[in-house]
Amino acid sequence: MIAIIDYDAGNIKSVEKAFEYLGQKAVVTRDGSIIKSADKIVLPGVGAFGDAMRKLDEYGLDGVIRETVDMGKPFLGICLGLQLLFDSSEESDGVKGLGILKGKIHKFPGDKGYKIPQIGWNSLEIRGDSVLFKDIPNQSYVYFVHSYYLKAEDEKIVAASTDYAAHVHAAVERDNIFACQFHPEKSGEVGLKILANFAGL
């Protein structure tokens with residue numbers, strides 16, 4: 001069973017539907033006991049970094065997330081869910097992220113003629129040994145909606161990158177932790193394959 005963490009963020013239902021399309025049992029919940037009993041955990045979301053951290057704290061989910069990660073269960077962050085795994089974001093000064101992975105979320109520079117937020121498709125430079133991108137061709141296109149991007153402290157965890165107004169760390173992997181800045185649930189067959197790879201861990 002895949003637990004999809006509900007913390008009042010947007011875009012959670014579409015992730016649930018994508019897993020159900022793949023034949024996976026997915027439950028949207030903020031019940032810590034259900035999350036901890038799940039085989040795999042997903043932290044999706046669209047919204048503001050500071051608001052999201054407040055909600056995770058309010059529902060006691062920050063501790064639940066750390067516990068499930070420490071248990072070694074496969075954990076997938078999507079979009080805002082990726083950003084929350086890191087230390088901080090320029091979107092919300094003074095707000096600490098979960099800090100499970102080291103790095104910061106930066107605002108796209110507004111002086112290079114790119115439309116911000118980025119809304120649309122970008123190709124990925126995929127690391128050859130990636131688990132999440134197994135059997136997915138390099139330079140495959142995925143769908144992004146974001147104004148902020150990750151710069152991971154340790155580039156060895158970067159599974160895929162792209163360029164849009166800056167060099168973007170678009171996906172990361174470390175042990176049982178996986179995360180994508182883009183939306184696999186909105187990225188067609190490539191996105192479904194990514195979710196299927198995660199579900200098959």
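Key figures
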{"quantity": "Proximal charge balance of residue 34 [Cβ under 15 Å; K/R count +1, D/E count -1]", "calculated": "0"}
{"quantity": "For region 115-177, with +1 on Lys and Arg beta carbons and -1 on Asp and Glu, the positive-most of 131, 119, 142 along the dipole", "calculated": "119"}
{"quantity": "Cut-off under 5 Å, modelled amide H: who pairs with residue 79 long-range", "calculated": "180, 181, 182"}
{"quantity": "Across 55/193; 96/151; 55/96; 73/104, pairs whose alpha-carbon gap is larger than 22 Å", "calculated": "55/193; 73/104"}
{"quantity": "DSSP H segments from the chain that extend 15 Å or more along their own axis, Cα-based, with Kyte-Doolittle mean of 0.5 or above", "calculated": "188-199"}
{"quantity": "Computed [θ] at 222 nm, deg cm²/dmol, the chain (DSSP H ≥ 4; -39,500 (n - 2.57); rounded to nearest 500)", "calculated": "-7500 deg cm²/dmol"}
{"quantity": "Accessible area of the chain belonging to carbon and sulfur atoms, whole % at 1.4 Å probe", "calculated": "48 percent"}
{"quantity": "Per-residue HN-Hα couplings for region 24-39 [Karplus 6.51, -1.76, 1.60; θ = phi - 60°; Hz; x = Gly/Pro]", "calculated": "9, 7, 10, 10, 8, 7, 10, 7, x, 5, 5, 4, 5, 8, 6, 6"}
{"quantity": "Packing-based ranking, highest mean first, of 102-110, 193-201 given that Cβ atoms within 10 Å are counted", "calculated": "193-201, 102-110"}
{"quantity": "Heavy-atom surface of the chain, accessible at 1.4 Å and reported per residue (Å²)", "calculated": "44 Å²"}
{"quantity": "Neighbourhood net charge (15 Å Cβ-Cβ; Lys/Arg +1, Asp/Glu -1) for residue 104", "calculated": "-3"}
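The values are calculated or read from the model by the stated rules, or taken from the named source; none is laboratory data. Note that the structure is a prediction, hence the values are computed from the model and not measured. So basically every Cβ, Gly included, is an ideal-geometry build from the backbone, and we count neighbours across all protein chains shown. Keep in mind that these areas ignore ligands, DNA and RNA; they rest on the heavy atoms of the full protein, side chains included. Shrake-Rupley method; radii C 1.70, N 1.55, O 1.52, S 1.80 Å.
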